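*Asks:* Before I ask anything, here is the structure I am working with.
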Amino acid sequence: MKEYSSIPLRKFVAPEFLFGSGAIPMLSRYIKNLGVKKILLVSDPGVMNAGWVSVVEKQIKDTHIPHVLFTDVSPNPRDCEVMTGAEIYQKESCDMIVAVGGGSPMDCAKGIGIVCINKSHISEFEGVDKIPLPGPPLVCIPTTSGTSADISQFSIILDSVRKVKMAIVSKILVPDAALIDPVTLSTMDAKLTAETGMDALVHAFEAYVSNASSPITDLNALRAVELIRKNLVGMIKCGGKGEEADNMMLGSLLAGLAFSNASLGIVHAMAHALGGFLDLRHGECNAILLEHAVNYNYESAHEKYNDLASAMGIETKGMTDSQIKNALTESIGKLRYDSGIRHGFSALGLKKDEIPFLADYALSDICIVTNPREALKSEIEELYVAAF
Amino acid sequence: MSQPSDGISDKDSLRNKIMGMGDASLKKSYYTQLQEHVLNLEKSRMETEESFKRAEANKNLFIALFHQASDGIIVVDLESGKFKFCNRAFAEMFDYNSDSPLLSFASALPGEDAENLENALRKMASGEIRFLNNVMIHKNDGDIIYADISGSAVEIENRKYVLAVFRDMTGARKLELEKAEFAAKINQSQKMEAIGTLAGGVAHDFNNIIGGIMGLAEISLDEVKDNTDLRDNLNQIITACRRARDITTQLLSITYKTEKKYEPVSFNGIIRDSVILLKATLPASVSIKVTDNAEEDTVLADHAGISQIIINLCTNSAHAMNYSGDIRIRTSNADIDEYLMQKNPELLLGKHFLLEVSDTGCGIPKDIVDRIFEPFFTTKEKGKGTGLGLSIIHGIVKNHGGVITVYSEEGIGTTFRIFFPLAADRVKSVVAEEYNPDSVKDALVLFVDDEELLVKVGEKILSNMGNKTVSFANPMEALAYFENNAESIDAVITDMAMPKMNGLKLAEKIHAVKKDVPVILCSGYSDELMKENTDMKDISRLIMKPFSAGELAKVLTEVLNAVKKQRAD
């Protein structure tokens with residue numbers, strides 16, 4: 001009898017999720033089964049223009065349960081938006097939240113829920129396991145194939161005073177249900193598709209090489225990389241419809257399941273700093289940083305990166321690690337370029353003298369903890385410069 | 001980066017937490033909140049149960065209070081007129097029992113009263129009035145009750161009602177009336193007593209003055225034997241004095257204070273005699289009918305006083321009827337119990353003889369009926385009446401321990417009722433004392449009175465009779481004289497009220513010197529004797545002031561004859 005297993009102890013948490021065609025109409029069943037009295041529907045103007053808000057509202061109306069719509073949410077959701085939503089929730093005596101959209105409305109909805117129940121400002125919950133009580137029932141309907149906020153334990157909220165992204169991490173944040181229907185991807189433009197797709201790829205990469213990864217997360221991460229690599233460009237080309245979109249939605253889901261449990265790494269830490277300071281688009285930042293981070297991390301997790309290289313379609317057999325690393329970073333760069341993201345941070349308005357400041361923030365970001373290589377500030381600064 | 005004591009770095013610990021391995025990491029669950037909610041529900045259920053129990057206890061308490069209240073309480077639906085609640089006191093007020101539930105005013109009261117009450121309550125509900133005093137309510141059985149009613153609007157289960165409280169004032173009202181009546185009677189009797197005392201005091205002074213005038217006139221009469229004119233004048237003065245004396249005597253009788261003999265007399269006999277006299281003096285148009293229903297008629301009384309009562313009352317009645325009509329005299333026996341005594345504080349417990357004198361005359365106006373017994377109160381023209389008649393009757397009745405009441409209705413007539421306490425013994429025949437009218441002569445009389453005028457009168461009368469007098473205005477000097485000349489003095493005449501030593505005391509001192517000297521006591525005011533009535537052993541006779549020469553001669557002769565007879569024995 002072995003005295004102990006060599007497999008390290010891990011937890012895997014995922015919400016109940018419905019994946020596939022017809023997931024959205026299942027919303028009314030959830031509302032009825034929960035026996036709620038009033039619903040706060042959280043979304044953003046983009047999703048509303050795409051028409052998904054009215055699709056969801058129709059489902060809610062069928063239940064004859066009243067609802068209030070809240071759509072004042074920015075691409076990087078702010079603390080003040082969370083508090084405003086919470087005020088509406090309480091004023092209207094709501095007892096359930098439905099979020100429809102990308103990462104922004106879903107992260108905001110998570111924040112609103114815990115603020116209402118715990119009666120504290122959203123900044124009180126920054127960090128890991130800082131939420132005493134769970135929020136009200138939350139059902140998420142994703143309309144992008146990237147963020148996976150609908151299944152994750154993360155909520156990233158912009159502290160509008162400090163200009164930093166607060167990471168709120170807790171299993172309590174995992175929604176009650178996710179209704180994932182690839183049909184929602186049909187309304188994304190090419191840019192958003194590219195950004196969210198690349199974001200999903202980074203989720204899979206970072207989760208796979210994370211020092212908190214596990215066989216279960218690895219399985220999801222590798223499959224996610226394969227699906228994204230094969231379908232992203234095709235999906236952009238065919239406008240978010242067809243098999244590529246279905247596969248991208250699945251890839252995003254699998255990447256989400258992986259990173260929600262294994263967490264992320266240096267790319268997200270650096271992207272959060274950029275998003276907070278310059279209000280840059282999250283997926284875009286991730287896309288620009290990934291190849292540089294792989295280059296930097298490779299030595300610390302070369303076996304895992306070799307797996308990822310295989311998943312990226314590289315025939316690694318007979319290649320040296322150095323060759324694989326180069327092939328991998330090249331393939332990532334090519335995918336980024338093919339999906340339409342062809343610039344560095346200088347094009348997005350970053351100034352070189354801001355880099356040390358950003359590096360400080362990246363070092364203090366929660367995502368840095370699970371990066372396979374422990375980074376120095378100077379190294380992070382060099383990475384920003386490399387991606388300039 | 002610092003190392004925690006358990007050897008795990010901050011970074012490792014954070015990583016563990018991110019993986020969900022932290023102590024506080026838990027998948028979203030509402031179980032804790034649900035548990036708390038269930039606990040709160042249970043708590044609130046218990047609180048509800050508790051508050052229900054309290055409400056129930058309160059309800060029972062208020063129901064008990066509602067029914068225990070001595071005032072009648074009802075809640076009435078004004079739209080339908082039906083009672084929603086009615087407490088026990090209200091039910092009792094209107095004599096209803098559980099067999100015939102009281103549903104509305106209409107079921108409890110005659111139509112008009114029910115309607116009036118409903119209207120009153122409607123006004124109370126609207127706030128127009130809050131309170132009604134002494135409302136007279138006829139009940140179905142004919143009884144009348146008086147109630148104070150207060151009320152206001154109340155809302156019960158979104159319906160408007162009026163809540164009214166009925167305080168039964170019937171008993172209180174009766175008691176109040178009785179109290180007022182009683183107080184009026186006490187007042188009247190106190191007033192009468194005060195007036196009587198005043199009149200008595202005045203009469204006393206008058207008697208002394210009249211005594212002087214009359215005495216001197218009598219003396220002068222003897223001295224002007226041949227002057228006919230002067231004699232006539234003096235006789236007229238004496239006659240006037242006698243009349244004045246009669247009035248003061250009557251005044252004194254108002255105050256119970258006259259010295260009268262009270263003997264058992266047959267009241268009906270006096271009535272008979274008086275009626276004979278009345279019939280002779282009143283015109284034939286006045287009829288007097290006597291109904292005698294009294295089984296017992298013996299009253300300890302002064303014959304003349306009773307006769308005066310009957311004559312005065314009947315004369316007044318004849319006058320009131322303008323000398324045409326019926327006077328009815330009724331007698332009966334009345335037993336005064338505590339109830340009657342309470343109603344009339346002057347009455348005494350026990351059997352009474354009741355004399356009623358009624359007429360069919362003009363009656364006495366209500367506003368003066370209380371004053372008719374006051375002295376000098378009269379409705380007759382000036383000069384036609386003294387206003388003393390009824391006050392004298394009142395005094396005589398009081399003197400007899402009786403009570404007089406009057407009931408009169410203007411235009412119908414007047415009835416006087418007089419209650420006399422019955423005497424314990426039946427009437428016995430009274431033997432009149434006989435005396436020798438021949439006046440005594442040659443006696444030496446010691447005469448004592450602090451009024452110089454009366455001393456002179458006394459001296460004159462006695463010397464005119466042929467007697468000698470030694471007079472003193474000071475009783476101490478008189479006693480000193482008697483101590484030195486006791487053997488030569490045949491009789492002593494002394495005033496009662498004197499400074500330093502009164503008549504009784506003087507008589508006692510004189511008898512201490514010599515035992516068989518007769519002492520005649522003069523008094524103008526019987527009150528003095530009432531005070532001293534303990535001991536009259538040293539007094540041979542009492543003579544009331546003012547006395548005439550004849551009276552004094554008669555009394556003196558009687559006492560000296562008695563002494564003579566005693567010595568002879």
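A short reminder: the numbers here are calculations on the coordinates, not readings from a lab. Just so we're clear, the structure is a prediction, and the values are computed from it rather than from any experiment. Note that each Cβ is placed from the backbone with ideal geometry, even for glycine, and that neighbours are counted across all protein chains shown.
*Asks:* With the cut-off at 29 Å, tell me which of the pairs B:K84/B:K174; A:K110/A:K191; B:K460/B:K500; A:K32/B:K27 have Cα atoms farther apart than that.
*Replies:* Those over the limit are B:K84/B:K174.
*Asks:* Test of understanding: express the Cα radius of gyration of region B:94-249 as a ratio to 2.2 N^0.38 Å, with N the residue count.
*Replies:* 2.42
*Asks:* Based on the inverse mean of 1/r over its pairs of different Cα atoms, what is the Kirkwood hydrodynamic radius of chain A, in Å? If you can, show how the numbers build up before the last one.
*Replies:* On the way: mean 1/r = 0.0480 Å⁻¹.
Taking every pair of different Cα atoms in chain A, averaging 1/r and inverting gives 20.8 Å.
*Asks:* Mind listing the long-range amide H neighbours of B:V290? Cut-off is under 5 Å, sequence gap 5 or more, other chains count too, H placed in the peptide plane at 1.01 Å from N.
*Replies:* B:I329
*Asks:* Using Cα atoms only, what is the angle between the long axis of helix A:242-262 and the major principal axis of chain A, expressed in degrees (0 to 90) to the nearest 10?
*Replies:* So the helix axis and the longest Cα principal axis differ by about 80 degrees.
*Asks:* Quick one: Kirkwood hydrodynamic radius for region B:1-159, alpha-carbon pairs, angstrom, one decimal?
*Replies:* 21.7 Å
*Asks:* Helix B:452-465 versus the longest principal axis of chain B: what is the Cα-based angle in degrees, 0 to 90, to the nearest 10?
*Replies:* With both axes taken from Cα atoms, the answer is about 40 degrees.
*Asks:* Once you sort the root eigenvalues of the Cα gyration tensor of region B:444-568 as a ≥ b ≥ c, which label holds: rounded (a/c under 1.5), prolate (a/b larger than b/c) or oblate (the other case)?
*Replies:* The shape class here is rounded.
*Asks:* Place a point 7 Å from the Cα of B:A106 along the Cα-to-Cβ direction; which residues of region B:142-164 have their backbone N under 15 Å from it?
*Replies:* The answer is none.
*Asks:* Work out the length of the dipole vector of the protein assembly as shown about its Cα centre, built from +1 on the beta-carbon of each Lys and Arg and -1 on the beta-carbon of each Asp and Glu, and round it to the nearest 20 debye.
*Replies:* The dipole magnitude comes to about 1160 debye.
*Asks:* Counting other beta carbons within 10 Å of each Cβ, put A:D218, A:D150, B:D326 in order, fewest first.
*Replies:* Result, fewest neighbours first: B:D326, A:D218, A:D150.
*Asks:* Return the Cα extents of region A:44-116 along principal axes one, two and three, sorted largest first, each rounded to a whole Å.
*Replies:* That works out to 32, 28, 14 Å along the principal axes.
*Asks:* Follow-up. Shielding by partners for A:172-179, please: the mean number of other protein chain Cβ atoms within 10 Å of each residue's Cβ.
*Replies:* 2
*Asks:* Using only atoms on other chains, find how many Cβ atoms lie within 10 Å of each Cβ of peptide B:25-36 and report the average.
*Replies:* 5
*Asks:* Quick one: in region A:16-185, what % of C-alpha pairs are over 26 Å apart?
*Replies:* 18 percent
*Asks:* Summing -39500 (n - 2.57) over the DSSP H runs of n ≥ 4 in chain A and dividing by its residue number, what mean residue ellipticity at 222 nm do you reach, to the nearest 500 deg cm²/dmol?
*Replies:* Calculated from helices alone, the mean residue ellipticity at 222 nm is -16000 deg cm²/dmol.
*Asks:* With label points built 7 Å along Cα→Cβ from the Cα atoms of A:S120 and B:D95, find their separation and express it in nm.
*Replies:* Those two pseudo-labels are separated by 8.1 nm.
*Asks:* Here's something else I'd like to know. Just rank B:S408, B:S488, fewest to most, by other beta-carbon atoms within 10 angstrom.
*Replies:* Numbers: B:S408 21, B:S488 11.
Final ranking by Cβ density, sparse to dense: B:S488, B:S408.
*Asks:* In whole Å, what are the Cα extents of region A:243-349 along the three principal axes, biggest one first?
*Replies:* 43, 32, 28
*Asks:* Sticking with this one: Distance in nm between label sites at B:Y30 and A:E354, each 7 Å beyond Cα in the beta-carbon direction?
*Replies:* Once both label points are built, they end up 4.4 nm from each other.
*Asks:* When N is the residue count of region B:163-238, what does its C-alpha Rg come to as a fraction of 2.2 N^0.38 Å?
*Replies:* Taking the Cα Rg and dividing by 2.2 N^0.38 Å, one obtains 2.55.
*Asks:* Inside 10 Å of the C-beta atoms of A:125-134, what's the mean count of C-beta atoms belonging to other chains?
*Replies:* Neighbouring Cβ atoms belonging to other protein chains average 4 per residue here.
*Asks:* Sorting check: for A:340-352, B:11-23, A:25-37, A:151-163, which peptide has the highest mean count of neighbouring beta carbons within 10 Å, and how do the rest follow? Walk me through the intermediate numbers first.
*Replies:* Values: A:340-352: 14.2, B:11-23: 18.9, A:25-37: 15.8, A:151-163: 21.9.
Output ranking for A:340-352, B:11-23, A:25-37, A:151-163: A:151-163, B:11-23, A:25-37, A:340-352.
*Asks:* Calculate one ³J(HN,Hα) per residue across region B:442-448 by plugging θ = phi - 60° into the Karplus curve 6.51 cos²θ - 1.76 cosθ + 1.60, and present them in order as whole Hz with x for glycine and proline.
*Replies:* For region B:442-448, the Karplus-derived couplings read 6, 9, 9, 10, 8, 10, 10 Hz, x marking Gly and Pro.
*Asks:* Kirkwood-based Rg over Rh for region A:116-234 (C-alpha set), two decimals?
*Replies:* My calculation puts Rg/Rh at 0.99.
*Asks:* Something else: Take the alpha carbon gyration tensor of region B:45-87, find the square roots of its eigenvalues, order them as a ≥ b ≥ c, and report rounded if a/c is under 1.5; if not, report prolate when a/b exceeds b/c, else oblate.
*Replies:* Verdict is oblate for region B:45-87.
*Asks:* Using a 10 Å cut-off around each Cβ, can you sort A:C80, B:C86, A:C140 from fewest to most neighbouring Cβ atoms?
*Replies:* If I rank by nearby Cβ atoms, fewest first, I get A:C80, B:C86, A:C140.
*Asks:* For the protein assembly as shown, report the translational diffusion coefficient in µm²/s to the nearest whole number, using Stokes-Einstein at 37 °C, 0.692 mPa s, and a Kirkwood Rh over Cα pairs.
*Replies:* On the way: Rh = 41.6 Å.
Taking Rh from Cα pairs, D becomes 79 µm²/s.
*Asks:* Using only C-alpha positions, report the orientation-averaged shadow area of the convex hull of region A:188-386, nm², one decimal.
*Replies:* Mean projected area of the Cα convex hull: 10.0 nm².
*Asks:* On to the next question. To the nearest 500 deg cm²/dmol, what mean residue ellipticity at 222 nm is calculated for chain B from DSSP H runs of n ≥ 4 alone, each contributing -39,500 (n - 2.57), summed and divided by the residues?
*Replies:* My calculation for chain B gives -15500 deg cm²/dmol from helical runs alone.
*Asks:* If you line up the long axis of helix A:266-278 against the longest principal axis of chain A, both from Cα atoms, how many degrees apart are they, to the nearest 10?
*Replies:* The helix A:266-278 is inclined about 60 degrees to chain A.
*Asks:* If you don't mind, there's one more thing I want to ask. Please compute the contact order of region B:444-568 in relative form: average sequence separation of alpha-carbon pairs under 8 Å and at least six residues apart, divided by the residue count, as a percent. Kindly include the intermediate steps, with their values, before the conclusion.
*Replies:* Values: 185 pairs, mean separation 27.3, N = 125.
Worked out over region B:444-568, it gives 22 percent.
*Asks:* Taking a quarter of the surface of the Cα convex hull of chain B, what do you get in nm²?
*Replies:* For chain B, averaging the hull's shadow over all directions gives 60.8 nm².
*Asks:* With the crude spin-label approximation of a point 7 Å out along Cα→Cβ, what separation in nm comes out for A:S364 versus B:E176?
*Replies:* Simple spin-label model gives 9.0 nm for this pair.
*Asks:* Diagonalise the Cα gyration tensor of region B:286-376 and give the resulting equivalent ellipsoid semi-axes, square root of 5 times each eigenvalue, largest first, whole Å.
*Replies:* Semi-axes, largest first: 24, 18, 13 Å.
*Asks:* Would you compute, for the Cα atoms of region B:264-421, the largest minus smallest coordinate along each principal axis and list the three values in descending order, in whole Å?
*Replies:* Each principal axis gives a Cα extent; for region B:264-421 these are 40, 34, 26 Å.
*Asks:* Tell me the Kirkwood radius of region A:335-382: reciprocal of the mean inverse pair distance over distinct alpha-carbon atoms, in Å. Walk me through the numbers on the way to the answer.
*Replies:* On the way: mean 1/r = 0.0802 Å⁻¹.
Over region A:335-382, the inverse of the mean reciprocal pair distance is 12.5 Å.
*Asks:* OK, next. Sequence gap at least 6, Cα distance under 8 Å: using those rules, report the relative contact order of chain A to the nearest whole percent.
*Replies:* Normalised by residue count, the contact order of chain A is 15 percent.
*Asks:* To the nearest Å, what is the center-to-center distance of region A:4-32 and region A:40-81, using C-alpha atoms only?
*Replies:* Region A:4-32 and region A:40-81 have Cα centres separated by 22 Å.
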